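The values are calculated or read from the model by the stated rules, or taken from the named source; none is laboratory data. No experiment lies behind these values; they were computed from the predicted model shown. Backbone-built Cβ (ideal geometry, glycine too); neighbour counts: all protein chains shown. We work out accessible area using only protein heavy atoms, side chains counted, and drop any ligands, DNA or RNA first. Shrake-Rupley method; radii C 1.70, N 1.55, O 1.52, S 1.80 Å.
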Amino acid sequence: MSIALGVLLVPLFLLTGMEVHINEMVQHDGQTDPAIIIGLIAIILAFALAGVLMQWLYHAYLESGERQGTWGKQVLGLYVTDLVGQPITFGRASGRFFAKIVTGMVPLGIGYIMAGFTERRQALHDMIASCLVLRR
């Protein structure tokens, strides 16, 4: 995902003229224009939002699709279902994606590690979204 995002976002970085604004900030004899700083922050936030949007659509679309998994899950022979083994909807796949934010907030990766110790091998985000990741 990071490589794909880099390939897409680096050209956007260049097309927005962000490198020119960074050079202008450095060349103003120590006086930084507040408008340039606000513009840079806005561009960084826009890139971050675009990255989250692309990752969300990638995960939600593929996990709720015909093959029920991202390309990585497909290579490993894994697929995502609801608790009764049915394919998940786009809404549930979206909930699972955003629940990963909560899982990531748990210190030391415990939200992910717990998948190795729960009865149905569920990570925290799987429990929140009522999903299972199964092997084909």
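Ignoring ligands, DNA and RNA, what percent of the accessible area of segment 43-97 is carbon or sulfur (1.4 Å)? Carbon with sulfur: 69 percent of the solvent-accessible area. For segment 34-66, no residue has its backbone nitrogen under 13 Å from a point 7 Å from the Cα of residue 15, taken along Cα to Cβ. Mean residue ellipticity at 222 nm, helices only, the chain: -19500 deg cm²/dmol; runs of at least 4 DSSP H residues each add -39,500 (n - 2.57), and the sum is divided by the number of residues. Summing Cβ point charges (Lys, Arg +1; Asp, Glu -1) relative to the Cα centre of segment 50-136 gives a dipole of roughly 140 debye. With a simple spin-label model that places each label point 7 Å from the Cα along the Cα-to-Cβ direction, the separation between residue 44 and residue 2 comes to 1.9 nm. Each residue of segment 128-136 was assigned a 3J(HN,Hα) from its phi angle through the Karplus curve 6.51 cos²θ - 1.76 cosθ + 1.60 (θ = phi - 60°); the sequence is 4, 8, 6, 10, 10, 10, 10, 9, 6 Hz, with glycine and proline shown as x. Only Cα pairs under 8 Å and 6+ residues apart enter the sum, and on that basis the relative contact order of the chain stands at 18 percent.
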